[in-house]
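The values are calculated or read from the model by the stated rules, or taken from the named source; none is laboratory data. All figures in this text were calculated on a predicted structure; none of them were measured in a lab. Counting neighbours? That spans all protein chains shown, and the Cβs are built from the backbone with ideal geometry, glycine included. For accessibility, only protein heavy atoms count, side chains too; no ligands or nucleic acids. Shrake-Rupley method; radii C 1.70, N 1.55, O 1.52, S 1.80 Å.
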Amino acid sequence: MGNQEIDLLWCSSEDACGKGWLVLACVVLSWIIIHRWSHRNRKGPKTWPLVGAAIEQLVNYNRMHDWIAKYLSESNSVVVPMPFTTYTYIADPANVEHVLKTNFANYPKGEVYQSYMQVLLGDGIFNSDGELWRKQRKTASFEFASKNLRDFSTVVFRDYSLKLHSILTRASFQGLQVDMQELLMRMTLDSICKVGFGVEIGTLAPNLPDNQFAQAFDTANIIVTYRFIDPVWKIKKFLNLGTEALLDKSMKIIDDFTYSVIRKRKSEIREAQQSSDKNLQMHLLNNPNLIQMKHDILSRFIELGEDPESKLTDKSLRDIVLNFVIAGRDTTATTLSWAIYMIMTHPEVAEKLHKELKTLEEGLAQEEKVSLHQYDKEDIVSFNQRVNQFAGLLNYDSLGRLYYLHAVITETLRLYPAVPQDPKGILEDDVLPDGTKVRAGGMVTYVPYSMGRMEYNWGADAASFKPERWLKDGYFQNASPFKFTAFQAGPRICLGKDSAYLQMKMVTAILCRFFTFTLIPGHSVEYRMMTILSMKHGLKLTVARRSSDE
């Protein structure tokens, strides 16, 4: 064969190859056009062959809650196909009740959600289904109903609220800026570790020491949230690359801390059990932390683990610990941060709240037949005496009289729910009350963040911060838990709701009775994409003390 013939053959093969690519490109383009045409009247985000709505979701990832809210304002349900599953987002109370209660068994956490969160939450109560979940919930339900735990929690919440007050008082005298969200995260971490595990973490010490556990927990939370839209996270995990490598390092810090807490509590319990009756009283006097041992949640689960039928291993206890940390630390601190922000940016709310707090203080002092200490806001000694006196008057019952404060916190949760969206798996094909079809293997996500902003749920003023919507004749009125879903609803409704309100009211009452807050000019307040609705840049503000005649 000559060179000329070879050249002709080469040109012929090149032409054929070029034509092949052209045909393929035409086929793909036609496929895309047909797909887009067939979906032209479909509500929701734009979808594409193979990748579904992943492109639009990735572009809007940092503002995803508002992105979803926009579509849910146009339709009660929004279907978002993704490469490996399909999410159906819902905001209508009837649909939410169907998923969380009516057909509860069909909507577990599901394997997809559990695979994302397994590394952090394990088989804990927030990441389990079936008998394992029921058993944990039964035990936790019993503990949260305990008067001992409630009374113990009240003392702890008061103590840490006063520690926070001391830091803010110092900042106010020195004219310092503070990051309120960081301080609240430290306070709730310290308090949940005290209530939940009986240990003192000390992150709210005056020098605000770095805490590796808290930093690692935040990092892990961000990364597991990103897994929901990262189609290659399993590959990165297998190769130990990028975010998954960072997650691995963070989890080592988290697990080292958690298992050390478990070992310490087990050791204390064994030590107490081995003490003879004769020496027990002296032993407790020398080790006062052991007196409170029975009140913390971890100790209760450790004692239950002594029953061979309980099958509670250290891994089980680790999962319990981390689930309570995320429940008691992040959610409460986040809500308090948004509440302080809403109070400071709504002066009329701040004044109504302060009036209620001052009225309660005067009423309680009269009931207790005590004289309130006079104070000068420029005198730190007299100022602190009055704050401590007020805090001493606050308990579960007296905080229950603060209806406007309860409404302020609830209104904050309506607009800024600590858990902005909550996905559920789908076991079998189903039809939601509004006619939306959902398929087995997909996910249904009810969206508290969107629900609080929907006019079809709350009326024309849904986007407004209005605590008065929760009051009738001055008393707090609840809404349906399927409409106000900040604490979930149905069989999985939050067990720690009363405890969360107790802490949030204790903190807010003490701070807002004696301080006013001002946002740092130019500081941007926006949420960060995590499982919890925390502030991306923190909450930077200045603090001023209120005078006694205000």
* Asked: Any chance the range 343-352 includes a residue that's open to solvent by less than 20 Å² (accessible area, probe 1.4 Å), closer than 25 Å to Ser153 by Cα and in a helix (DSSP H, G or I)?
  -> no
* Test result for Leu495, at pLDDT 95 or above and of a type in the set (A, V, I, L, M) -> no
* Please find, among Ala440, Ala391, the residue that is small (Gly, Ala, Ser) and out of contact with any helix residue (DSSP H, G or I) (no Cβ under 7 Å at 6 or more places or on another chain). => Ala440
* So is Ala486 open to solvent by less than 30 Å² (accessible area, probe 1.4 Å) and either farther than 29 Å from Asp66 by Cβ or assigned to a helix (DSSP H, G or I) (or both) or not? -> no
* Structure fact -> If we ask which residues in the range 196-216 are touching an Asp or Glu at 6+ places or on another chain (Cβ under 8 Å) and open to solvent by less than 10 Å² (accessible area, probe 1.4 Å), their number turns out to be 4
* Asked: Can you name every residue in the range 491-512 that is of a type in the set (Val, Ile, Thr), open to solvent by less than 10 Å² (accessible area, probe 1.4 Å) and in contact with a Phe, Trp or Tyr (Cβ under 8 Å, 6 or more places away or on another chain)?
  -> Val507, Ile510
* Near pairs, Cβ below 6 angstrom, 6+ apart or cross-chain, from the range 54-80 (in a helix (DSSP H, G or I)) to any residue that is buried (at least 19 other Cβ atoms within 10 Å of the Cβ) and aromatic (Phe, Trp, Tyr) -> His65/Tyr449; Ile68/Tyr89
* **Pick from the range 201-215, criterion within 14 Å of Ala333 (Cβ to Cβ) and not in a helix (DSSP H, G or I), ranking: modelled with the highest pLDDT** => Leu204
* Does any residue of the range 20-43 turn out to be open to solvent by less than 90 Å² (accessible area, probe 1.4 Å), under 39 Å from the mean Cα position of the chain (by Cα) and at pLDDT 65 or above? -> no
* Structure fact -> A careful count of residues in the range 428-468 that are open to solvent by 20 Å² or more (accessible area, probe 1.4 Å), more than 24 Å from the chain's Cα centre (by Cα) and in contact (Cβ under 8 Å) with a residue 12 or more places away in the chain gives 11
* Number of positions in the range 513-544 that are over 23 Å from the mean Cα position of the chain (by Cα) and either within 24 Å of Tyr403 (Cα to Cα) or surrounded by 20 or more Cβ atoms within 10 Å (Cβ to Cβ) (or both) -> 6
* May I ask you to verify whether Gln118 is surrounded by 20 or more Cβ atoms within 10 Å (Cβ to Cβ), out of contact with any Pro (no Cβ under 6 Å at 6 or more places or on another chain) and either in a helix (DSSP H, G or I) or modelled with pLDDT under 80 (or both)? => no
* To do: Could you run through the range 127-148 and say how many residues are assigned to a helix (DSSP H, G or I) and open to solvent by less than 80 Å² (accessible area, probe 1.4 Å)?
  => 10
* **Selection status of Ile235, of a type in the set (A, V, I, L, M, F, W, C), part of a helix (DSSP H, G or I), buried (at least 17 other Cβ atoms within 10 Å of the Cβ) and over 19 Å from the mean Cα position of the chain (by Cα)** => no
* Asked: Which of the residues belonging to the range 469-483 are free of Cβ contacts under 8 Å to residues at least 12 places away in the same chain and open to solvent by 40 Å² or more (accessible area, probe 1.4 Å)?
  -> Lys472, Asp473, Gln477, Asn478
* Asked: Is it the case that Asp151 is crowded, with 20+ Cβ neighbours inside 10 Å and assigned to a helix (DSSP H, G or I)?
  -> no
* **Condition broken by Val96, with the remaining ones in (1) open to solvent by 30 Å² or more (accessible area, probe 1.4 Å); (2) over 21 Å from Val321 (Cα atoms); (3) within 23 Å of the chain's Cα centre (by Cα) satisfied** => (1)
